[in-house]
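Notes follow once the structure below has been shown.
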Amino acid sequence: MAGPDLETVVQAGYGFDGPVLEIGAAAIGGKTHPAARVRIPLQMVSRHGLVAGATGTGKTKTLQLLTEQLSDAGVPVFLVDIKGDISGLGAPGQANDRINARLEQVGMKDWAPQAYPVEFLTLEKGGRGVRLRATVGSFGPILLSKVLQLNETQESVLSLVFKYADDQQLPLVDLSDLRATLNFLNGDGGKQAMAEYGGLSSATVGVILRKIVELEQQGAESFFGQPEFDVEDLLETRAGRGLVSILEVADMQDRPKLFSTFMMWLLAEVYHDLPEVGDLDKPKFVFFFDEAHLLFEEANKSFLDQIEMVVRLVRSKGVGVYFVTQSPEDVPPKVLAQLGNRVQHALRAFTPNDQKMIDDTARTFPTTKLYDVATELTSLGIGEGLVTVLGPNGVPTPTVHCVMRPPRSLMAQLDPAAFAAIVSASKLVTEYAADVDPQSAKEMLAGRMAEAQTQAAAAQVQAQAQAAAAKTQAQIEKQYAQQAAASQRAYEKAQADAARAEARDQARAQRSSRSGGYSGGSGGGFDLGQAAKIGAEVIRSPAANTLLRGIFGTLTGSPARRTRRRR
Ligand SMILES: Nc1ncnc2c1ncn2[C@@H]1O[C@H](COP(=O)(O)OP(=O)(O)OP(=O)(O)O)[C@@H](O)[C@H]1O
Ligand SMILES: [Mg+2]
């Protein structure tokens, strides 16, 4: 096929008015045509995209190239550094023969080394960069279920637990808050709440608890907590250039799900925070989702639905999302269908399955008379890709074999000193450094449980006191009755004695009147008033008082005070 055909097709298909990202020059039959410039309209960058290709084919450098031009256009960018090699964005590139040869090949005349404003983010406590933390509450049950690898039943239980915490105004800040809430619901105090919320089975709560412990054992506590990262901090421009935020996850190979879900959290937060804007001249923010296959692996339906929804809706907020993965098949069809801009680096056909994947991928590109797409996909060189993007009218551009431009920043890992200098100059690093342990579900539940215990103990003491008082009262009454009976008996005896004495006196008087003498008064007789006092004196006796004090004393530990208060 002749070169001019290609140039005509590309100039017609890619000759947009307005600002563009220049990505390279079209090639055909092993010949590159610098005049056939392949570009993406800046205003269409928020229509999302896919950068795919086998390992070592140029995906990361493509991200670097796109990022640089977005930053130049004042658009902030977020990306993940899996291998440490995108950190080079923070330092100027170095011209060398290979770069010069490529510049020549693609006809790029204005290449100059350039460093970009970068912030490094880290998920690790003590990691290098701005600490990226989320609260368990804002992470939400769906993302957390994905991290914990919960099945759907367990996920629905976790959702109820989140609802319970929400209803009870128990902030779930870190994993220990979630653990405390689960423990509370699983314990005696939480049984009733469990019943009210229906469907909370003790066994399932137990499984979730175990999975949380496993996650904590992997050191995941450091990702959850406060201060929570504010996504506004991703949206900066510095000296006119968009900030490039790079999440460093080189040391997270063993916990890939965690960082992929963290990226999803960030994206959801961005969606949440940004206002609706409609069509803009340029995106507000671009998000590169590297190693995207990790996100979709073993994803259940609710998780996939959430991703699909966020990706769909975030576009109207001016945010472009680019998935980066080895094969387009890693991305679920509903998400793939939303990715308007495509750079497909080389695919390798080793097995019949690979061949099928290549044929399927080829079919997703606009048909072209210029190339046999499937063959082209396997013959692309490093740093070359099959490209189709969305034109300003929303129509896909012709499929073209593109030789990518080289980035202007360093195409290698940033050296440790330069890295350290960026981290130590960062205000955000300081701002997010210290963990904050606020009054949250753990403390609040502990407080509530302690209060419930105190109340229960107080109620018990009161009940004991009432029982003892009743007993004392009964004893007093019994004793009073005994004393009253005794004094009654004494009184009656005294009366009988008095009557006898009187009878005796009378008899004596009669005898003496018969004999003429009178003794006058009651001489050896009995005083009646004295008899009535006897009963009362017994009750006031020291022996009775000792008895009363003894009983109250066992209740209060302070017989004197207690008896005094009762008076
Ligand atoms: N646009 C480009 N300009 C110049 N050289 C490039 C370009 N793209 C890729 N290369 C060369 O190819 C090498 C591999 O590219 P890159 O690291 O981007 O591959 P990758 O697909 O990200 O690999 P992996 O899957 O291992 O992460 C680079 O180190 C660089 O030498
Ligand atoms: Mg790479």
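Each value in this text was obtained by applying a stated rule to the coordinates, not by laboratory testing. On a predicted model such as this, the values are computed, not experimentally measured, just so you know. Cβ coordinates were reconstructed from backbone atoms using ideal geometry, including for glycine residues, and neighbour counts include every protein chain displayed.
Quick notes
- A dipole drawn for the chain from +1 and -1 charges on Cβ atoms has a positive end, and of Ile82, Thr367, Ala457 the residue lying farthest that way is Ala457.
- Each of Val10, Ala470, Gln169 was scored by the projection of its Cα onto the charge dipole of the chain, and the greatest displacement toward the positive side belongs to Ala470; charges sit on the C-beta of Lys, Arg, Asp and Glu.
- Expressed in units of 2.2 N^0.38 Å, where N is the residue count, the Cα radius of gyration of the chain is 1.81.
- A quarter of the convex hull surface defined by the alpha-carbon atoms of segment 82-152 gives 8.5 nm² as the mean projection.
- Highest to lowest packing among 179-191, 434-446, scored as the average C-beta count within 10 Å: 179-191, 434-446
- Unsatisfied cross-links (Cα-Cα over 27 Å) in the set Lys284/Lys334; Lys284/Lys442; Lys163/Lys257; Lys191/Lys257: Lys284/Lys442; Lys191/Lys257
- Straight-distance crosslink candidates among aspartates and glutamates, where the alpha carbon sits under 12 Å from Lys356 and sequence neighbours closer than 8 are dropped: Glu329
- Shape of segment 68-114, Cα gyration tensor, a/c cut at 1.5: oblate
- Test item: Cα-centred dipole of the chain, Lys/Arg +1 and Asp/Glu -1 on Cβ, debye: 4100 debye
- Fraction of beta bridges assigned by DSSP in the chain that are antiparallel (%, nearest 5): 45 percent
- Formal net charge of residues neighbouring Pro41 (Cβ-Cβ distance under 15 Å; K, R +1; D, E -1): +2
- Projected onto planes of every orientation and averaged, the convex hull of the alpha-carbon atoms in segment 318-471 covers 21.2 nm².
- Of the peptides 450-456, 232-238, 347-353, the ranking by mean beta-carbon count within 10 Å, highest at the top, reads 232-238, 347-353, 450-456.
- Judged by the mean number of other Cβ atoms found within 10 Å, the most tightly packed of the peptides 333-343, 317-327 leads the ranking 317-327, 333-343.
- Cα-projected label distance for Asp305 with Ile382, points at 7 Å along beta-carbon direction, nm: 4.5 nm
- Proximal charge balance of Ile99 [Cβ under 13 Å; K/R count +1, D/E count -1]: +3
- Between Val205, Ala501, Phe289, the Cα set farthest toward the positive side of the dipole of the chain (charges on each charged residue's Cβ, about the Cα centre) is that of Ala501.
- For Glu119, residues with placed amide H under 5 Å, excluding near neighbours: Val244, Ser245, Ile246
- Under a 5 Å amide H cut-off, with hydrogens placed 1.01 Å from N, Arg348 pairs with Ala54 among residues at least 5 apart or on other chains.
- The residues neighbouring Val130, those whose beta-carbon lies less than 11 Å from its own, together hold a net charge of -1 under the Lys/Arg +1, Asp/Glu -1 convention.
- Adding -39500 (n - 2.57) for every DSSP H run of four residues or longer, then dividing by how many residues the chain holds, sets the calculated 222 nm ellipticity at -16500 deg cm²/dmol.
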